[in-house]
Each structure stands twice: as C-alpha cells, then as structure tokens.
Amino acid sequence: MRHRVAGRSFGRNTNQRKALLRGLTTSLFEHLKIETTVAKAKETRKAAERIITLGRRGDLHSRRLALSRLPNKRIVSKLFGDIAPKLNDRKSGYLRIIKTRVRPGDNSSLAVLEFVDYEMLKEKKEEKSKEEKKPKKEKKKETS
C-alpha cells in the first residue's frame, strides 16, 4: 500500500532522482520553458515553485537555501535578479504545464513546463541578448 507516500521515484535511487530534478529545474530557469514527460514536469514544478518563492523573498538566507538546492551561482543570480522580481505581484502558481504530444519512441505523454508570464520574461531576455551583441568600441593605445 502507498499510504502517505508522496512524490514519484521514476525508478531511480535518491541521488539519481535529486540530480534529475536539479537538472530539469536548472534548465527551466535557464531557458524559461522546457519539454519533458508529464510526471517529470509535475515533480519539477513542485521543486521549482519552492525555489521561486525563495527568490521572491530575496534575503541572504533565501539565496543560500536556493544555492543548496541548485548549486549553480549563475542560475541562482538570474533567478534572484531577473525572474523573481517580475513575479512579486503573484502569490503562487508561477508555472504551468501544457500537455503537448505523445513521444513516438516509447508512447509517453509529453508536456511543456513554462512560466505563466513567459512572454514578459522572454522579452526581457531578448533585450539583454541584444545589448550583449553590440560591438564595443576599442580604444586605441597612444604611443609616445
């Protein structure tokens, strides 16, 4: 019987399962949208929404807790600096799961996991990438 047993095991041991969810969550924060199986999307949504709530709080303790769950400083700083401030008006429900198709190889149902405010977050990401692509003018060294 499965009384009071929460979460999915995905046929993996604990370390492999944690690594899987950590990788999916990191990819979600990096790309703002991922496609995976429905079961993995549901578990990733649980983990990611908890980390986003930490990002909304924004203090040092929350940042350290987020780094303990996602040991990638670049992604955590993106979460605290770019993503979480835009979600301050929303109390919860930052992510949505949209069922898309069935994978031909193994007939498993796939879903897209994305931010509810995906378009708003994506626009900001595109603006930053345009700024980075601008060529910087080089200063000529003066010889005397």
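Residues of the stretch 20-39 with an amide N closer than 19 Å to a point placed 7 Å from the Cα of ARG2 along the Cα-to-Cβ direction: 21, 37-39. Once you divide the Cα radius of gyration of the chain by 2.2 N^0.38 Å, the number left is 1.31.
Under the simplified labelling scheme, the LEU60-ASP82 pair shows an inter-label distance of 2.6 nm, with each label point 7 Å from Cα along Cα→Cβ.
Only Cα sites of the stretch 88-137 enter the Debye sum here, all with the same form factor; the resulting log10 I(q)/I(0) across q = 0.23, 0.25, 0.27 1/Å is -0.87, -0.93, -0.99, listed in q order.
Heavy atoms only, probe 1.4 angstrom, no DNA, RNA or ligands counted: give me MET1, MET120 ranked by accessible area, highest first. Before the final figure, lay out each step's value.
Details: MET1 205, MET120 85 Å².
So, going from the largest accessible area down, we get MET1, MET120.
For the stretch 1-81, the list of chymotrypsin sites (Phe, Trp or Tyr not before Pro) that fall in a loop by DSSP and count at most 15 other C-beta atoms within 10 angstrom reads PHE10. When only the Cβ of Lys, Arg, Asp and Glu is charged (+1, +1, -1, -1), the dipole of the chain relative to its Cα centre reaches about 420 debye. Using the 1.4 Å probe convention, the accessible area of the chain works out to 72 Å² per residue with neighbouring protein chains retained. Spacing of the modelled spin labels on ILE98 and ARG50, each 7 Å from Cα toward Cβ, amounts to 2.8 nm.
The spacing between the stretch 35-67 and the stretch 95-109, judged by their C-alpha centroids, is 22 Å. When the Gaussian network model of the chain links Cα atoms closer than 10 Å, the mean-square fluctuations of VAL38, VAL76, VAL102 top out at VAL102.
Note: relative contact order over the chain, using C-alpha pairs below 8 Å and six or more positions apart, is 26 percent. Bridging of LYS46 to aspartates and glutamates at a Cα separation below 20 Å is possible for GLU30, GLU35, ASP89, GLU114, ASP117, once same-chain residues fewer than 8 apart are set aside. Dipole of the chain computed with +1 at Lys/Arg Cβ and -1 at Asp/Glu Cβ about the Cα centre; of TYR118, SER77, LEU60, farthest Cα towards the positive end is LEU60.
Taking LYS86, LYS18 and ordering them by how much accessible surface each has at a 1.4 Å probe, largest first, produces LYS18, LYS86.
The values are calculated or read from the model by the stated rules, or taken from the named source; none is laboratory data. Keep in mind the model is a prediction, meaning the values are calculated, not measured. Ideal geometry is used to build each Cβ from the backbone, glycine not excepted, and the neighbour counts take in all protein chains shown. Ligands, DNA and RNA are stripped out before the accessible areas are found, and what is left, the full protein with its side chains, is counted by its heavy atoms. Shrake-Rupley method; radii C 1.70, N 1.55, O 1.52, S 1.80 Å.
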